[in-house]
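Below is one structure, written out as structure tokens; comments come after it.
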Amino acid sequence: MTNTTFLDAISEEIVRHYRDSLSTITIILPNKRAKVFLLEALKKQLDKTAFAPEIISIEDFIQEVAGIRSCDSIELLFEFYTMYLSVTPKEQQQEFELFANWAKTLLQDFNEIDRYLLKPAHVFSYLKDIEVLKRWNLQPSETTTLIDNHLEFWSKLPEYYATFYSHLKNKGIGYQGLIYREAVDNLHYFSEALDGRKLIFAGFNALNQAEEKIIQQLLFNEQAKIYWDIDAVFLNDSLHDAGLFVRRFKKEWKQYTSQPFEWIVNSFSQEKNIQIIGTPKTIGQAKIAGKIVEQLQEQGQSLDQTALVLGEENVLLPVLYALPDSVDSLNITMGFSSKNNPAQILIGKLFKLHTNALQRSESSYTFYYKEVLDVLTNPLVEPYSNASKVIRLINQNNITFLSQKKLMELHPEASELFHLLFDRWDHDILNVLNRLSSVLLTIKSYLGNDSEEDKVAKTFVYSLFKAVNKLITYQERYGQIDSVAMLHMMYKQIVDLAEVSFEGEPLSGLQIMGVLESRVLDFENVIITSMNEGVFPAGKSTNSFIPYDVKRELGLPTYNEKDAIYCYHFYHLLLRAKNIYLLYNTESEGLDAGEKSRFITQLEIEKQPNHKITHQIYNAYLPDKAYEPVVVPKSEKVLNRLKEIATGKGFSPSGLTSYIRNPIQFYHQRILRISEVEEVEENIALNTLGTIIHGALEELYKPFLNRDLTVENLETMLKRANMEVEKQFREVYKEGEIRKGKNLLAFEVAKRNVFNFLNEEKKQIENGDEVKVLALETSLERNLEDARLPFPVKIAGNVDRIEERNGKIRIIDYKTGKVLKNNVELKDWNGLTADIKSDKIIQLLCYAFMYEHQTDGKELEAGIISFKNLKAGFLPFGVKEDKNVATVITSEILEAFKTEIITLLQEILDAAVPFEEKLA
């Protein structure tokens, strides 16, 4: 046999022997995927039209022999539960949710026992004896209820198996192992019914006992032929896992004493270019795979002869994004999990939303805002729900919990989709499932056929729609799901098993496939990702009740045999390839970490003379600097905007300190006018708390403006304080919850701060202070004219309080945070506007500058009252000279301040000075 592909060789052989009778043969392949490739290979061999042979997978063939339909794992679980209830005393019966946890493992063991034609009674007796020995065969007086129940479970296994087997057989359905066992029992009748039809088995490697028995019997009857695809390198090396199974078949099958063993090839030792490439993370492998595809195209290589084999399915989406635009056709022949796509995430969020609403209170049916927003912002819902107004209202009004009725009131023009998503669920499981089905159908109707994104989204939605409809069928038939929580659990199990199938043209373009889909196929260029231990090969798994040593003794497959199967698949991919790229993750830590696959090491150690092996490590490009500060030059539009601010609304003290803190922040907020995204404030933020305290004090003092404050005035305020703080909370925090949790604490803190402030004020008046409040929350502004500036600049801002105290004018700024005396004391004018630590001084002097001409010759002070440092009282701005601090703001101080502010404004308005980010 030459170095042509296996399917070409099979086609040539078939046409040579059955050119005029192709329709009388059946070709059995390891999987369904290879059928279309084999038909194409057969076409190339024929020079005239002919009826094609029947081509089926081994599983379909076994079902045909057995005459039993295969059922999926979820249906199997329901059927098993029905049987379990019929043979288990009522007092010992478990809820479906508990039952499902162990039943899935037990069904896998039933499957293996049957596929390998073992005697079930012997296996289960063996297992029970092991469990008894583990407890040293305790006397009845020494056991516990738990031990008794455990041993009871093992003693019931033969009954579970026998009853379930009969139950399924009577219904004409079965799991894979049952079908295989029945196929062996039915083989005689099937063989007689073949009536001259010839069977050809092609491209097999590992066979279970049932498959072996069936194929050997058909070979003995001369009703079948089998063609292996094994290389001499693997077959002749007694330690090479790729030839583990075929070596045994060649040695043990009796027909090979008189018949030739077909086919042994010599392809692996031929010339190959093997590149082993290590790179960190999955995304790195995806990008390199895309780069390799691009290089192959540039070299003139045909993508029809290129396979991109993904060791892990989660690499698929990164790979699709990494492929070059020049790839105009590709075919994805692999099952992609239904998990973690927008449709599945949406259904999961709906379960969470309604399950929690049911648990909170069925009467009020209340939703948590985050769960509502999770649904409304899902990419499959947001464009079609017309709910932007609802999202805005929830955020603006700080609605943390809202009833279903309230949600509908927020959206009076709700669409059908909105109602399907948020109408209340009841305990009728079929109603819930039909609602989910309608949600998916409605979303599907919105999606078009034009964009690739919509096509992919439709594929995901359809996959989920099938899964939900499957659940509807099972619930109608069995009725075992009795709560939304159990339904959610069953849904998650189905989604774990459901796969998304992508449509494509299998014979043209780049072939993207999983490991199992690559069986029987040959390509010139092969790229394999995720070549790490634990992935390729998959490694140990112990999802079975049967211990490892028992499996070995009984001839059941263990992880050793599974590794050998992976080994064959890997080496078969390399068998006829000329250019091979093996990608692995170099990360040794993290979730997707792992060491390099042993298969790569084996390739290097057992290197063939004609193999050219190169090893490269690709690391992400690391720039000399981790981060370059953002620099924005001042364009004409930016300068116009600065002039607009300077001559219009004016620069506020907070705006100026924002520039000092970070010019880029100033650029975003003042020039581009970008505000922060409005979100629900679930816990009261410090700035909101400050707004509430400011508002409460303003309302309390407002009736006593421009009057000498008295002790009686303060007592009146103290009586109103509680009510006023609550009123401010309602106005500022809107519908946010303030009666529990952190918000209740914040509410109490606000009340305490206002009370403490008023009591301190009362004490000072009792001690003889004469106080007249002149203004509250008032706006001030003043133009700063100076030859050093290109034009007059307005300074404007809001002052919390202006008062006359004991003959002096006082400007007061309230701060909810902690401020100390040294934060408002100035030691040196130099560098005042360069250091953000001086922000409070700059604010106070700005207020003084704006108010200077309204003092009527009275002395002026400006300072801070810190609610976290109320004991310190009024903290005035002061200039420190030696040990003395001058707190009166004179015209000389304001002149010196103006000089510093002008320097800062010159920098802000200078076209040559860009906005440059300050790094912390």
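Looking at segment 842-892, which of the residues that are of a type in the set (Gly, Ala, Ser) and over 25 Å from Leu689 (Cα atoms) is surrounded by the fewest Cβ atoms within 10 Å (Cβ to Cβ)?
Among those residues, the one meeting the criterion is Gly857.
Which of (1) surrounded by fewer than 16 Cβ atoms within 10 Å (Cβ to Cβ); (2) under 23 Å from Asp72 (Cβ atoms); (3) of a type outside the set (Val, Ile, Thr) does Glu453 not meet, given it meets every other one?
(2)
Identify, from the list Ile889, Ile901, the residue that is touching a Cys at 6+ places or on another chain (Cβ under 8 Å) and over 30 Å from Ala746 (Cβ atoms).
None of the others qualify; the one that does is Ile901.
Can you tell me which residues in segment 693-740 are part of a loop (DSSP other than H, G, I, E, B) and modelled with pLDDT of 90 or more?
Leu705, Asn706, Arg707, Leu709, Thr710
Counting residues that are within 38 Å of the chain's Cα centre (by Cα), which helices (runs of 4 or more DSSP H) fully inside segment 1-90 reach at least 2?
Those helices (runs of 4 or more DSSP H) span 35-45, 58-66, 73-87.
With the checklist (1) buried (at least 19 other Cβ atoms within 10 Å of the Cβ); (2) farther than 30 Å from Gln301 by Cβ in hand, flag the one item Leu574 doesn't pass.
So Leu574 meets the others, but not (2).
Please enumerate the residues belonging to segment 213-241 that are buried (at least 18 other Cβ atoms within 10 Å of the Cβ) and part of a helix (DSSP H, G or I).
Within segment 213-241, Ile214, Ile215, Gln216, Leu218, Leu219, Val233, Phe234, Leu235, Asp241 qualify.
Could you please tell me which pairs satisfy a Cβ distance under 6 Å, a separation of 6+ or placement on different chains, a first residue in segment 784-801 that is within 18 Å of Asp910 (Cβ to Cβ), and a second residue that is β-branched (Val, Ile, Thr)?
As it stands, the answer is Leu784/Val793; Leu784/Ile795; Asp786/Ile902; Arg788/Ile902, since those pairs meet every condition given.
Are there any pairs, at least 6 apart or on different chains, whose C-beta atoms fall under 6 Å, with the first in segment 6-27 and without any contact (Cβ under 8 Å) to a residue 40 or more places away in the chain and the second buried (at least 18 other Cβ atoms within 10 Å of the Cβ), and if so, which?
Close Cβ pairs (under 6 Å, with a partner that is buried (at least 18 other Cβ atoms within 10 Å of the Cβ)) amount to Asp8/Ala41; Ser11/Ala41; Ser11/Leu42; Leu22/Pro53.
Can you find even one residue in segment 498-507 that is among the small types (Gly, Ala, Ser) and at pLDDT 85 or above?
no
Pull up segment 354-381, narrow it to residues that are part of a helix (DSSP H, G or I) and either in contact with a strand residue (DSSP E or B) (Cβ under 6 Å, 6 or more places away or on another chain) or of a type in the set (Lys, Arg) (or both), then point me to the one that is farthest from Thr442 (Cα to Cα).
The initial filter retains those residues of segment 354-381 that are part of a helix (DSSP H, G or I), namely 354-360, 369-376.
Next, from what is left, pick out any that are either in contact with a strand residue (DSSP E or B) (Cβ under 6 Å, 6 or more places away or on another chain) or of a type in the set (Lys, Arg) (or both): 357, 360, 370.
On the way: Ala357: 23, Arg360: 29, Lys370: 23 Å.
Checked segment 354-381; the qualifying residue farthest from Thr442 (Cα to Cα) is Arg360.
Restricting the search to segment 771-816, which residues are closer than 30 Å to Leu639 by Cα and either in a loop (DSSP other than H, G, I, E, B) or of a type in the set (Phe, Trp, Tyr) (or both)?
Matches in segment 771-816: Glu785, Asp786, Ala787, Arg788, Leu789, Pro790, Phe791, Pro792.
Taking only pairs six or more apart or across chains, which ones have beta-carbon atoms under 9 Å, a first residue in segment 598-622 that is over 17 Å from Asn585 (Cβ atoms), and a second residue that is exposed (fewer than 11 other Cβ atoms within 10 Å of the Cβ)?
Asn610/Glu271; His611/Glu271; Lys612/Glu271
Just checking, how many residues over segment 791-834 are surrounded by 15 or more Cβ atoms within 10 Å (Cβ to Cβ) and more than 23 Å from Val885 (Cβ to Cβ)? Lay out the reasoning, then the answer.
Kept after step one, since they are surrounded by 15 or more Cβ atoms within 10 Å (Cβ to Cβ), are these residues of segment 791-834: 793-797, 799-805, 808-816, 819, 821, 823-826, 832-833.
From what is left, the residues that are more than 23 Å from Val885 (Cβ to Cβ) are 793-797, 816.
Of the residues in that region, 6 qualify.
A quick yes/no check of all residues on (1) assigned by TED's automatic domain parsing to the domain that holds Asp423; (2) of a type in the set (Gly, Ala, Ser); (3) in contact with a Phe, Trp or Tyr (Cβ under 8 Å, 6 or more places away or on another chain):
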| position | (1), (2), (3) |
| --- | --- |
| Gln305 | no, no, yes |
| Glu312 | no, no, no |
| Leu316 | no, no, yes |
| Val319 | no, no, no |
| Ser326 | no, yes, no |
| Ser329 | no, yes, no |
| Lys349 | yes, no, no |
| Asn356 | yes, no, yes |
| Ser364 | yes, yes, no |
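Let me confirm something: among Ala206, Ala210, which residue is crowded, with 21+ Cβ neighbours inside 10 Å, assigned by TED's automatic domain parsing to the domain that holds Leu244 and among the small types (Gly, Ala, Ser)?
Result: Ala210 is the single residue among Ala206, Ala210 that is crowded, with 21+ Cβ neighbours inside 10 Å, assigned by TED's automatic domain parsing to the domain that holds Leu244 and among the small types (Gly, Ala, Ser).
Do the conditions hold for Phe351, that is, is it surrounded by 17 or more Cβ atoms within 10 Å (Cβ to Cβ), of a type in the set (Phe, Trp, Tyr) and in a helix (DSSP H, G or I)? Talk me through it step by step, then tell me what you get.
Values: surrounded by 17 or more Cβ atoms within 10 Å (Cβ to Cβ): yes; of a type in the set (Phe, Trp, Tyr): yes; in a helix (DSSP H, G or I): yes.
So Phe351 passes the test.
Which condition does Trp253 not pass, out of (1) modelled with pLDDT of 95 or more; (2) farther than 17 Å from Leu573 by Cβ, if it passes all the others?
Single failed check for Trp253: (1).
Consider Glu698 carefully, then state whether it is within 30 Å of Asn756 (Cβ to Cβ) and of a type in the set (D, E, K, R). Don't jump to the end; show me each part of the working.
Values: within 30 Å of Asn756 (Cβ to Cβ): yes; of a type in the set (D, E, K, R): yes.
Yes, satisfied.
Check Ile200 against each of (1) of a type in the set (A, V, I, L, M, F, W, C); (2) under 14 Å from Glu64 (Cβ atoms); (3) touching a residue at least 24 places away in the same chain (Cβ under 8 Å) and name the one condition it does not meet.
(2)
The values are calculated or read from the model by the stated rules, or taken from the named source; none is laboratory data. Everything numeric here is computed off the predicted structure, so don't read it as measured data. Glycine also receives a Cβ, built like all others from the backbone with ideal geometry; neighbour counts cover every protein chain displayed.
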